[in-house]
1. Could you tell me which of the residues LEU44, LEU5, LEU36 is among the hydrophobic types (A, V, I, L, M, F, W, C), surrounded by 16 or more Cβ atoms within 10 Å (Cβ to Cβ) and not in a helix (DSSP H, G or I)?
2. Please find, within region 47-65, the residue that is surrounded by the most Cβ atoms within 10 Å (Cβ to Cβ) out of those that are out of contact with any helix residue (DSSP H, G or I) (no Cβ under 7 Å at 6 or more places or on another chain), in contact (Cβ under 8 Å) with a residue 60 or more places away in the chain and under 29 Å from HIS142 (Cβ atoms).
3. Is at least one residue of region 87-100 hydroxyl-bearing (Ser, Thr, Tyr), under 30 Å from LYS226 (Cα atoms) and either away from ligand 1 (no atom under 15 Å from the Cβ) or in a loop (DSSP other than H, G, I, E, B) (or both)?
4. Filter region 205-217 down to the residues that are modelled with pLDDT of 95 or more and either over 21 Å from the mean Cα position of the chain (by Cα) or of a type in the set (Ser, Thr, Tyr) (or both) and list them by number.
5. Just one of the numbered conditions (1) within 14 Å of ligand 2 (Cβ to nearest atom); (2) buried (at least 18 other Cβ atoms within 10 Å of the Cβ); (3) at pLDDT 95 or above is not true of ILE103; which one?
6. Could you please find all residues in region 66-86 being buried (at least 19 other Cβ atoms within 10 Å of the Cβ) and of a type in the set (S, T, N, Q)?
7. What number goes with the only condition from (1) within 16 Å of ligand 2 (Cβ to nearest atom); (2) out of contact with any Phe, Trp or Tyr (no Cβ under 9 Å at 6 or more places or on another chain); (3) within 25 Å of LEU54 (Cα to Cα) that PRO203 does not pass?
8. Please note which strands (runs of 3 or more DSSP E) are completely contained in region 109-209 and include at least 1 residues that are within 16 Å of ligand 1 (Cβ to nearest atom) and not hydrophobic (A, V, I, L, M, F, W, C).
Amino acid sequence: MSAVLDQVRETLGLTVTPVSPTIGAEVAGIDLRQTLSREQRDALKALLLDRKVLFFRDQDITRDQQLAFAANFGEVYAHPTGGVETHRAVQPISAEAFKKYDIRENHWHTDTSWRVNPSFGAVLKAVHIPEVGGDTIWADGHAIWKGLPDDLKAAVDELYVIHDYQDALNRSGERYPLTAHPAIRTHPETGQEIFWINYSLKPRFVDLAPDESKALLARLYDEVKKPEHHARFRWRPNSVALWDNRAGLHYAVRDYGDFPRVMERVLIGSDDAPYRERKPA
Ligand SMILES: O=C(O)CCC(=O)C(=O)O
Ligand SMILES: [Fe+2]
């Protein structure tokens, strides 16, 4: 495992348990109710860059503490669909909360990709876990890119994808312009090539005919779905996840029937680091 993990274990007494070779780790030995020291914050940031998503158990944090934890990594962003009554930037994630939109989290997606500068990441807390099911899966965008067959890599390398939030929100009456991002982005901090297509926002490739675009997206979706690229998390009450939205995709599994499932999410700012142009392969 990476040097970052060894260093964090030694210097801060954290227990870091990777859940796959490249993505995900459970982190114990830290209390998210407390203000983080600079060393703790820097260590978690380094771990996050390395692991792409971090999981914490038994963190009985208030909404204010969740906001404060998120703020260690950037400015908190209030999503336009709104927050809980008491906190505008704590977004309820549940069937109930999404009733008036066409938003579904059981597509492979990235968060707020309709923005010119999408979010850096998010802190998600489990509030009410269904009796069965309701896991969340994160996919390593770099592993997806690396695993693409050469012809797919070449086909997608220079393409831009449309992110269409208007369609998802059409029942809310709000208006959003279309945004385009490269299908393969360079991560602004790690420099990794990241497969970054949001399948929940009616993706289509700029410069491809609709049929061609659809066929290519479908072939790529098969790559995204490969379990080898995934870290799957089984929630318990007071579980918390922190992910780097620039590093891959995620998917909330809708396998809990009518059991209620309630999560609360704090989005972390925009990814203000400039998107570097990718060097030709
Ligand atoms: O509900 C979940 O597990 C994840 C939902 C999601 O996609 C998000 O919070 O960004
Ligand atoms: Fe999401």
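1. On the way: LEU44 fails: not in a helix (DSSP H, G or I); LEU5 fails: not in a helix (DSSP H, G or I).
Result: LEU36 is the single residue among LEU44, LEU5, LEU36 that is among the hydrophobic types (A, V, I, L, M, F, W, C), surrounded by 16 or more Cβ atoms within 10 Å (Cβ to Cβ) and not in a helix (DSSP H, G or I).
2. Step by step, filter region 47-65, then rank; the result is LYS52.
3. yes
4. PHE205, VAL206, LEU208, ALA209, PRO210, ASP211, GLU212, SER213, LYS214, ALA215, LEU216
5. (3)
6. GLN66
7. Of everything listed in (1) within 16 Å of ligand 2 (Cβ to nearest atom); (2) out of contact with any Phe, Trp or Tyr (no Cβ under 9 Å at 6 or more places or on another chain); (3) within 25 Å of LEU54 (Cα to Cα), PRO203 misses just condition (3).
8. Result: 119-128, 136-140, 160-163.
The values are calculated or read from the model by the stated rules, or taken from the named source; none is laboratory data. Remember, predicted model here, so these are calculated numbers, not experimental data. Here Cβ is always computed from backbone atoms with ideal geometry, including for glycine, and neighbour counts include all displayed protein chains.
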